[in-house]
1. For the range 34-50, which positions are open to solvent by 40 Å² or more (accessible area, probe 1.4 Å) and of a type in the set (A, V, I, L, M, F, W, C)?
2. Only strands (runs of 3 or more DSSP E) wholly contained in the range 151-222 count here; list those with 2 or more residues that are among the aliphatic types (A, V, I, L, M), within 23 Å of Arg109 (Cβ to Cβ) and in contact (Cβ under 8 Å) with a residue 24 or more places away in the chain.
3. Is it the case, given these coordinates, that Ser41 is among the small types (Gly, Ala, Ser), part of a helix (DSSP H, G or I) and over 14 Å from Leu111 (Cβ atoms)?
4. So for the range 51-61 (the condition being open to solvent by less than 70 Å² (accessible area, probe 1.4 Å), within 28 Å of Pro152 (Cβ to Cβ) and not in a helix (DSSP H, G or I)), does at least one residue qualify?
5. Go through the range 203-215 and count every residue that is under 16 Å from the mean Cα position of the chain (by Cα) and open to solvent by 10 Å² or more (accessible area, probe 1.4 Å).
Amino acid sequence: MNIVIVGAGRIGSHAIELTTREQEHDVIVIEKAPETAEAVSEKYDCLMINGDATSREVLTEASVPEADALISTTDDDSVNLTVMMLGRELGASSLVSAVQDPGHLSLFRELGVNVIQNPQRLTAQYLVHSIQRPSIRDFMRLGEGAEIFEIPITVNAPVGDKTLQEANEGGLIPDETIVVAIDRDGELLIPEGDTVIKRGDLVTVFSREGATSQVVTPFTGE
């Protein structure tokens, strides 16, 4: 997987560490501060570009048009948003960004960005998680291993057009996994056993095991 990471600060350096552990990832990092760029380049097995990621030329130099994922980790939402806009124009397959101000979430989501809210309370694992499970919108960790996340019901989802009771009785929803809420055309529904999960719904899911493939597949079919 070709991954471009913007920013090598606290969150970015953790993301770099996680992605460079696996040899199948080719990681390119863009960092504006020369000293930080040099330190990261010496420590991690990645290609470092010392430059401004809000520049189309710099992103192109970093092979963003061929990237499987572009991750922006800076603490400046305006920088992250610009990087995401340019990344989308250049054709990066998956866009992931930290978002500092909740008021900016809609701007990122309109671009199709997987957002990480309140990154001060989260680890870089969520950024990496987002490129591994791009269908998932948001994450929140709830204790050891447990997560709550939002995920859209796709056309091929096994749970599509089934009631929660049917999905549970059919073994489609793993144990200790609960559909907490459903957003249907902007209307919030609190589901019960006879509630039908429709394709196109945005569901909020709690899983004690986290967003594993076994948990996610019934909602996406992937």
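The values are calculated or read from the model by the stated rules, or taken from the named source; none is laboratory data. Note that the structure is a prediction, hence the values are computed from the model and not measured. Ideal geometry is used to build each Cβ from the backbone, glycine not excepted, and the neighbour counts take in all protein chains shown. Accessible surface is based on the protein model in full, side chains and every heavy atom, while ligands, DNA and RNA are left aside. Shrake-Rupley method; radii C 1.70, N 1.55, O 1.52, S 1.80 Å.
1. Within the range 34-50, the subset open to solvent by 40 Å² or more (accessible area, probe 1.4 Å) is 34-36, 38-39, 41-43, 45, 47, 50.
Matches in the range 34-50: Ala39, Leu47.
2. Of the strands (runs of 3 or more DSSP E) lying wholly inside the range 151-222, those with at least 2 residues that are among the aliphatic types (A, V, I, L, M), within 23 Å of Arg109 (Cβ to Cβ) and in contact (Cβ under 8 Å) with a residue 24 or more places away in the chain span 177-184, 202-207.
3. The answer is yes for Ser41.
4. Checked the range 51-61: no residue is open to solvent by less than 70 Å² (accessible area, probe 1.4 Å), within 28 Å of Pro152 (Cβ to Cβ) and not in a helix (DSSP H, G or I).
5. Summing the residues that are under 16 Å from the mean Cα position of the chain (by Cα) and open to solvent by 10 Å² or more (accessible area, probe 1.4 Å) in the range 203-215 gives 3.
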